[in-house]
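Before any comments, here is the structure.
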Amino acid sequence: MMSRAQLYLVSAGIAIQAIIQALIELRKRGAFRLIVLCLFNLIILVFALFLSSSADGPNAVKSVVGEQSAWLFFWAFVCAGSSTWICVKGAAERDAA
């Protein structure tokens, strides 16, 4: 899965989900950390879409593609998880109030 660049598409999906969730939460309350994480997720999305377009080309080195896609997936997972945590924490604070 890593050497065929499928993790780029998974990373893009995770980033899109995190961006949409952050934008929904930002409509309810503004948080600087959430804005920063939304920007990071947007950067991850752009990188994933850019790198996936050339990953299956004839000149692509499979080990490099695999390592890049694994790192991009890792950072997409970390940023999306952090964004989700902030959104859930904000929802819990609103419900407690």
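Quick rundown of the values:
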| read-out | value |
| --- | --- |
| q = 0.22 Å⁻¹, the chain: log10 I(q)/I(0) [Debye, one scatterer per Cα] | -0.96 |
| Principal-axis tilt of helix 32-53 within the chain, Cα atoms, nearest 10 degrees | 20 |
| DSSP-loop trypsin sites (Lys or Arg not before Pro) across the stretch 34-97, with at most 11 other Cβ within 10 angstrom | none |
| Listed residue (Q17, V64, A96) projecting farthest to the positive dipole end of the chain, Cβ model | A96 |
| Extension gain (nm, one decimal) between W85 and A70, 0.36 nm per residue minus Cα-Cα | 3.2 nm |
| Dipole in debye (nearest 20) - the chain, about Cα centre, beta carbon charges: Lys, Arg +1; Asp, Glu -1 | 220 |
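Only the coordinates and a few stated rules stand behind these numbers; no lab work does. Nothing here was measured: the structure is a model prediction, and the numbers come from that model. As a convention, Cβ positions derive from the backbone with ideal geometry for all residues, glycine included, and neighbour counts pool all protein chains shown.
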